[in-house]
1. Can you compute the FRET efficiency between W91 and E148 using 1/(1 + (r/R0)^6), with r the Cβ-Cβ distance and R0 = 25 Å? Round to the nearest 0.05.
2. Over the stretch 98-145, give the accessible area per residue in Å² for a 1.4 Å probe, as an integer.
3. Within the set of other residues whose C-beta is less than 12 Å from the C-beta of V107, count the net charge using Lys and Arg as +1 and Asp and Glu as -1.
4. Modelled label-to-label distance, T105 and Q130, 7 Å Cα→beta-carbon offset: nm?
5. Each residue of the stretch 131-137 in order: what ³J(HN,Hα) in whole Hz does its phi give by Karplus 6.51 cos²θ - 1.76 cosθ + 1.60, θ = phi - 60°, with x for Gly and Pro?
6. Roughly how many nanometres apart are two label points built 7 Å out from the Cα toward the Cβ at K204 and L229?
7. List nothing, just return the count: lysine pairs in the stretch 92-234, 8 or more apart or interchain, with Cα separation under 29 Å.
8. If I take R0 = 35 Å and measure r between the Cβ atoms of S141 and S189 in this structure, what FRET efficiency does the formula 1/(1 + (r/R0)^6) give, to the nearest 0.05?
Amino acid sequence: MFSKNQQLTLGAEQIDKPRILAAKRNLLLFSPPVHNQLPNPACNSLNSSPPRASSFLFIGRWFRFGVILFLLLSMLLGTAGCTASATTISWAPATRFIPVETVQTIVAENSELNPQDLASNVLAWTVNGQAGRLVIFNFNSPGVCGAEGCLYAAYLFKNNAPPNRVFASYLNPNLPPKRPLIQAVSDPSKTSDLPCLQVQQQSKNGMRQLFFCFNGHQYQLANSSLIELPNQKK
């Protein structure tokens, strides 16, 4: 038996000491219990590795897609940039632009045909530039045609100066539909006083595009490219 004072002392000691709630396999749980926090998935290497690898694969796929799209757009824009300002030549009688005597002189300079008989059949197209007025002539006669095509010539007309031939070439006018023979295009270098001439010629491997630009004296070949036609693809 304990005295009253001893019972109070013993009760106080029991209050100060933690109480054992359960014991199993030497694992003691004390009161008050500690609230365990759930593990952070970001700190778990097993949980973080797969999403990180997946994100790298996702970024890689989009990067490759972006590069391919950039190349395709570059090619499309490059092609459009060369032809966006192109003007297809519409032929009209040359005597509508220049005197008949001048047409006869030009016929005599480029053929051995009778200028008086041929002058009325000659076709032309004209465009103005900083260097003067450019007139392209289509002689429209089998007498100026050969195995390489028919003769086309361009003359530069300036005030108080005789016309000067700046371009002459034999071209084959037989092209597929919607393929203009000659087009006037802007000079990409912005250094020419006259528009460049884009000429299309059919070849065994496709359509050949020739770009002639004015160098201050005459037209010279600036670029040549081959366009493969759909019916000629292997």
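The values are calculated or read from the model by the stated rules, or taken from the named source; none is laboratory data. The structure presented is a predicted model; accordingly, all values stated were derived computationally and were not measured. Here the Cβ is made from the backbone with ideal geometry for all residues, glycine too, and neighbour counts use every protein chain on show. Calculation scope for accessible area: heavy atoms of the full protein, side chains included, ligands and nucleic acids excluded. Shrake-Rupley method; radii C 1.70, N 1.55, O 1.52, S 1.80 Å.
1. On the way: r = 20 Å, r/R0 = 0.82.
Computed FRET efficiency for W91 and E148: 0.75.
2. Values: 2310 Å² over 48 residues.
Each residue of the stretch 98-145 exposes 48 Å² on average to a 1.4 Å probe.
3. Values: positive: none; negative: E101, E109, E112, D117.
Once all neighbours under 12 Å are counted, the net charge is -4.
4. 2.7
5. Using θ = phi - 60°, the values come out as 7, x, 9, 9, 10, 9, 10 Hz.
6. 1.5
7. Working: K158/K190; K178/K190; K178/K204; K178/K233; K178/K234; K204/K233; K204/K234.
Pairs that pass both the separation and distance tests number 7.
8. Working: r = 35 Å, r/R0 = 1.01.
After rounding, the FRET efficiency stands at 0.50.
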